[in-house]
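Here's the structure, in structure tokens; my notes come after.
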Amino acid sequence: CHDSNGKLHEFGSHWRNADCYDCSCSRDGISCCSSFATPVSYDEEKCVSIFNKETCTYKVVEKNDHSKECPVHGWVG
């Protein structure tokens, strides 16, 4: 299988791509799904979600003070 970057992967192989998706290669092609949960229920007027590609996680913080985390009541992923 060739991924979107042109890299060749063997049948039966698994990897995490640069966008934090877990991928696998089979004779049917490449299959990928997100390895992270996305926050969906928080105060969007007061807070903002920030994605960290190094840890493949979201953090929800106050827009005016990123040192203060906001409560999240729902995640999807």
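The values are calculated or read from the model by the stated rules, or taken from the named source; none is laboratory data. Since the structure is predicted, the reported quantities are computational estimates derived from the model, not experimental observations. Glycine gets a Cβ as well: all are built from the backbone with ideal geometry, and neighbour counts include every protein chain shown. These accessible areas exclude ligands, DNA and RNA; they are computed on the full protein's heavy atoms, side chains included. Shrake-Rupley method; radii C 1.70, N 1.55, O 1.52, S 1.80 Å.
Taking the stretch 26-55 as the range and being under 19 Å from the mean Cα position of the chain (by Cα) and over 23 Å from HIS66 (Cα atoms) as the test, the residues that pass are ILE30, SER31, CYS32, CYS33, SER34, SER35.
Under the condition of being in a strand (DSSP E or B) and open to solvent by 90 Å² or more (accessible area, probe 1.4 Å), the residues counted in the stretch 1-23 number 4.
Those residues that are acidic (Asp, Glu) and modelled with pLDDT of 95 or more, I need them from the stretch 27-44; list them, please. Once the filter is applied, which keeps residues that are acidic (Asp, Glu) and modelled with pLDDT of 95 or more, the stretch 27-44 yields ASP43, GLU44.
Yes or no, residue by residue, for (1) part of a strand (DSSP E or B); (2) closer than 30 Å to GLY6 by Cβ; (3) in contact (Cβ under 8 Å) with a residue 24 or more places away in the chain; (4) open to solvent by less than 60 Å² (accessible area, probe 1.4 Å):
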{"residue": "CYS25", "(1), (2), (3), (4)": "yes, yes, yes, yes"}
{"residue": "CYS33", "(1), (2), (3), (4)": "yes, yes, no, no"}
{"residue": "ASP43", "(1), (2), (3), (4)": "no, no, yes, no"}
{"residue": "SER49", "(1), (2), (3), (4)": "yes, no, no, yes"}
{"residue": "VAL60", "(1), (2), (3), (4)": "yes, no, no, yes"}
{"residue": "HIS66", "(1), (2), (3), (4)": "no, no, no, no"}
{"residue": "VAL72", "(1), (2), (3), (4)": "no, no, yes, yes"}
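Among the conditions (1) in contact with a Phe, Trp or Tyr (Cβ under 7 Å, 6 or more places away or on another chain); (2) modelled with pLDDT of 95 or more, SER24 misses just one, which is (1).
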